Structure formats: C-alpha cells, structure tokens
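The values are calculated or read from the model by the stated rules, or taken from the named source; none is laboratory data. Everything quoted here is computed from the prediction, not taken from an experiment. Quick reminder, even Gly has a Cβ in these numbers, built from the backbone with ideal geometry, and neighbours come from all protein chains shown. Please note that ligands, DNA and RNA were not included when accessible areas were found on the heavy atoms of the full protein model with its side chains. Shrake-Rupley method; radii C 1.70, N 1.55, O 1.52, S 1.80 Å.
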Amino acid sequence: MGTFHDDLGELHGMTVVVDTPGPKVYIGRCHEMTPDGILLLDVDAHEDGADDRSKSDFISRAAKVGVWSKHKRLVVPKAEIASVRRLAEFIQ
C-alpha cells in the first residue's frame, strides 16, 4: 500500500490557486496548509499586469495549458492569502 498523508490536509497533492489581496497570485501543488501559511511545490507566480496579463488571464491560461514551475518550493504566509482554490475549479 502507498503512503497516506491525511495529516497534511484535504488539498494535499492538488494543484491550487493561492490568491493574495495584492497583485500576486501563485499556482502550485499543495503540500501542506498550516496555521502559518501554505507550502506549495512546483510553483508558478504572477503579478497582475505582468506580460500584459491580469491575474484572471494567468489563472485561465494555467487551467487550459498547465503550470510551468518557477519555484520548486514556496511558502505563502497566511497573512498574504486571500483565497485558496483548486485549479480545476477554473476549467471551463
């Protein structure tokens, strides 16, 4: 049998969108959510307006074609998190 990670949260292993109240958004595989924040693996990040794309455009594109990892591991502090949603929710 495989290893189970029930203690790492219901989003463990899923690709998620971590939005912030500011201009940044992160998309990566959720490893663990803690009271301090969220640990993401294989993460891409975007700042609103960069490359002439809004956060919404960036998320839509990632939902269609996938994520290109720019960071192997990244912790987003809880104070910077506005929402965490599965990327699959954005697939149309």
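Some notes on this structure:
- Here is the figure for the stretch 43-71: residues that are farther than 13 Å from residue 18 by Cα and out of contact with any Leu (no Cβ under 7 Å at 6 or more places or on another chain) total 18.
- The single condition from (1) at positive phi; (2) under 10 Å from the mean Cα position of the chain (by Cα) that residue 37 fails is (2).
- Residue within the stretch 44-61 that is open to solvent by less than 30 Å² (accessible area, probe 1.4 Å), polar (S, T, N, Q) and modelled with pLDDT of 95 or more present: no
- For the stretch 62-88, the set of residues classified as open to solvent by 80 Å² or more (accessible area, probe 1.4 Å) and either in a strand (DSSP E or B) or among the small types (Gly, Ala, Ser) (or both) consists of 72, 73, 75, 79, 85, 86, listed by residue number.
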